[in-house]
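What follows is one structure encoded as structure tokens, with my remarks underneath.
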Amino acid sequence: MDALLRDLRFAWRTLRKSPGVTAAAIVALALGIGANTAIFSVVDGVLLKPLSYRAPDQLVRVFTNFGATTTSRFSSSWPEYKDVRDATHTLASVAAYTGGTANLTEGAPQRLGLLYATRSLLTTLGVEPALGRGFLPEEDSGRGRAVVILDHALWQSRFSGDPQIIGRRITLDGAPYEVIGVMPPGFFFDRRCDAYVPMALVTDGVDVRTSQWLQLVARRAPGVTDAQLRGDLDALSARLRAQYSSDYPPEIHWFLSAERLADVVVGNVRLMLLVLLGAVGCVLLLACANVANLLLARTAARHKEMAVRLALGARRGQIVRQLLTESVLLGIAGGALGLLLAVWCIDALTALAPAGLPRVADVHLDARVLLFTVGVSLVTGVLFGLAPALSASRPDLAGAMKDGSRGSAHGHGRLRKTLVVIEVAVSLLLLVGAGLMVRSFARLRAVDPGFRADHLLTMRMALPVPLGDETDADHDRYVSFFARAQERLRTLPGVRSVGASTILPFAHSNEVYSFNIEGYTPSSPLATTDTNVREVTPGYFETMGIPLVRGRLLAAADGRDAPRAMVVNEAFVRRFWPHGGDVLGKRFQIASSRKQNPWWTIVGVVGDMHSYGLASAPVAEAYFPHQQLRRSSALTMVLRTDGDPAALAVAARAVIAEVDPSQPVFEVATMESLIAGTLAQRRFTMGLMLLFGLVALVLAAVGIYGVMAYTVAQRTREVGIRIALGARPATVLKMVLGDGMRLVAIGLVVGLAAALALGHLVASLLYGVTATDAATYAAIALVLAAVAVIAILIPARRATRVDPMLALRAD
């Protein structure tokens, strides 16, 4: 311990003697360690921390799958839920849930997100309400009264945290519900949710085995392995396929599967975060290389000191230990400053994180992140200090004792050159990744969404839905309200046109119907007629700017008593008539096992839209007049304006309040902001990669300049002799520039090889650009080479101005 304290005191005094070098090293390390700490906090919160449920590793999501399709992880039906619940022995408990919405009409109207769940959901997750109780068996079976459990945030914001809320009745969609509980603060499961209601209140399709509308979560029995669970579900799938062969014909390859809940929650962000963690690790590597170069230069200047200490009896191990103490002290100082930087960076990252990033609430500076920072600081200190320490412990004793010795420039030269090569290679790797993502993002932004997104304001409304079956009177109420609302919105100054649809593009929701198509012959036994369906009002296509390809658009004349008309998109035509033909006049019927539905006639074809995002291909869609289909109680209004659409939001809300004061207006946004939201994750990744790439470029430039400046200083006598013998300044400039660019060229080759080898890791994050895009590689290599030339030219020009007399006299 005494020896350690002596080393620390000596290291502190040594570092204080060269404040410039010390400050530069600490700042470089702070950038690298701070960035790593910030990104690790996100990775830890999203990927590494266990979910906030009891024994989260035992929780799984159960999915329905169809092997005949290219997609998987479908929802399940109510009969399938009961089969999984009752006929598996590897699952201790199974719960079902689905999302919903409702209007809270006490006081200011508010749209709530609901989670319809079975009683077993909370017990499966191992969570208890913070106040009150969960659902009782009779409430779970539909025999009890309508009850609700409030989310903690809603309880605080809407009911001021009233402890007497239990037993109080609130009105949801016009029906009374008794509050029986409040969830713990911070509880989150699967989606944003304001309240939890019993699954028994949802009755649509509960007895249809092929109606997949439920999500299943389950807890494995103690000691059950993944293989045992998979075998259990495979056996159940085989029994159900045999028992219900008409619902699960062999050609669809239906089966059940299970995945860890944590993996499902993380979704597709795992690769993005791991790529960012790897990128920021490269930034730290560059910082270490720069600091190692600084220490090599400083230990070269201390060459005589080390030789004297060894001559007086010091052991090599003591020299190495002393120098490592200095580097570790630098690492700790850089880590402390980096931690302060990370605090700001974490706040910035969580603020800028895309809305789809899961578990953002779990991202913060905690003991795990602090431990990571300490570990990185210590490892970094050893990493950049080991090579200089080992090099300094082997000085040339005879040369060092001569007066005027310049130290061991040659002994350190190879290591410094190696570090330059590493810096160039790592910088190019990061810059190529950033360049690919920038080009990918630009390509994505250039995609035509299929409509005019400018000057569009969107706002959603949903009318109360009765708990029982909807009647014709309810449907008439829906149509009447939205017709009146659109009429009033058209009177607002600055509004050019108004339309509405059940689902807008980029809305991350969908409604799919199966059709009976007159005269249609499927291309194969596996072909289905499932199609995206939208209910729209007159003026929707004109307001959105969706082009008419042929036929006509839906109009006000397509009312309740008019012939039933529908419009389809071009993807619909390509899917069902791939060989061409006139689709106008073709008739469709919405498939149903309960009743005979009327026939609809195609009257028009419109252009395709990228409904699921700019990166997704258009899919088949059918549009029905809201006045005729009359099924939906929720529509999204679309207003095309002359000026800034966001400026009309307040006036539009006021108009709806005049039509119905109890009707909440929600999801108010411009269409351009909705499109930007779909690109948020890509923009987030691209921005961070670009930032890391630019930092890497700066660090590489500084490293190249430092090495070349030191090399020129060490070769002052040689340069002086060359000039004295008649060498021209251009020759000296070419010599220094050539020495430096040879190292840069080697680094570029190594970096290009590494980028090509690792390109497949980012391939799935790209759009319209391959991971081996030659133009990006060439552009990045040229930029990096140009920066390297500038960094080398500064010391090279200094070498051309060496005075031979002064250089020789100084030696």
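Values quoted throughout were computed directly from the atomic coordinates according to the rules given, and no laboratory measurement underlies them. Small disclaimer: the values here were computed from a predicted structure and weren't measured. Note: ideal-geometry Cβ built from the backbone for every residue, glycine included; neighbour counts use all protein chains shown.
For q = 0.09, 0.10, 0.12, 0.18 Å⁻¹, what log10 I(q)/I(0) does region 68-252 give under the Debye formula with an equal point scatterer on each alpha carbon and no solvent?
Relative scattering, expressed as log10 I(q)/I(0), comes to -0.38, -0.46, -0.64, -1.20.
Using the beta-carbon distance between GLU138 and ARG9 and R0 = 60 Å, what value does 1/(1 + (r/R0)^6) give for FRET efficiency, to the nearest 0.05?
Working: r = 75 Å, r/R0 = 1.25.
Efficiency computed from Cβ-Cβ geometry: 0.20.
Gap in Å between the Cα centre of region 204-282 and the Cα centre of region 104-165?
What the calculation gives is 28 Å, centre to centre.
Loop-only chymotrypsin sites (Phe, Trp or Tyr not before Pro) in region 244-277, please: DSSP not H, G, I, E or B, and at most 16 other Cβ atoms within 10 Å. Display every interim value, and only then the final one.
Details: sites: TYR244, TRP254, PHE255; in loops: TYR244.
Those that pass, being in a loop and sparsely packed, are TYR244.
Bin width 10 Å, origin at 0, all Cα-Cα pairs of region 464-662: what percent of pairs per bin?
Spelled out per bin, shortest first, that is 8, 33, 36, 18, 5, 0.
How much net charge surrounds ALA333 when only the other residues with a Cβ under 14 Å from the Cβ of ALA333 are counted, with Lys and Arg +1 and Asp and Glu -1?
Every neighbour counted, the sum reads 0.
Given only helices, namely DSSP H runs of n ≥ 4 each adding -39500 (n - 2.57), what is the per-residue ellipticity at 222 nm of the chain, to the nearest 500 deg cm²/dmol?
Calculated mean residue ellipticity at 222 nm is -16500 deg cm²/dmol.
May I ask you to derive the relative contact order of region 645-792, considering only C-alpha pairs under 8 Å and at least 6 residues apart, and to give it as an integer percent?
Computed over region 645-792, the figure is 29 percent.
Which of SER611, SER157 comes first, and how do the rest follow, when ranked by fewest Cβ neighbours within 10 Å?
Numbers: SER611 24, SER157 12.
Ordered by Cβ neighbours within 10 Å, fewest first: SER157, SER611.
If I require 30 Å or longer along the helix axis, counting alpha carbons, and a Kyte-Doolittle average no lower than 0.0, what helices from the chain are left? Use full DSSP H segments. Don't skip to the end; give the middle numbers.
Values: long enough: 19-43 (35 Å, 1.79); 269-301 (49 Å, 1.96); 316-352 (51 Å, 1.28); 367-392 (37 Å, 1.78); 409-445 (53 Å, 0.86); 680-714 (51 Å, 1.39); 729-758 (43 Å, 1.70); 774-800 (37 Å, 1.80).
Helices meeting the criterion: 19-43, 269-301, 316-352, 367-392, 409-445, 680-714, 729-758, 774-800.
Using the Kirkwood formula on the Cα atoms of the chain, what hydrodynamic radius do you get, in angstrom to one decimal? If you can, show how the numbers build up before the last one.
On the way: mean 1/r = 0.0315 Å⁻¹.
When all Cα pairs of the chain are included, the Kirkwood radius is 31.7 Å.
Tell me, SER245, SER141, SER93, SER377 in order of fewest to most beta-carbon neighbours within 10 Å?
SER245, SER141, SER93, SER377
How big is region 411-559 in terms of Cα radius of gyration and Dmax, in angstroms?
Rg, Dmax (Cα atoms, Å): 26.6, 92.
Can you give me the relative contact order of the chain as a percent, contacts being Cα pairs under 8 Å and 6 or more apart? Please list the in-between numbers first.
Numbers: 1401 pairs, mean separation 135.3, N = 811.
Once divided by the residue count of the chain, the mean separation gives 17 percent.
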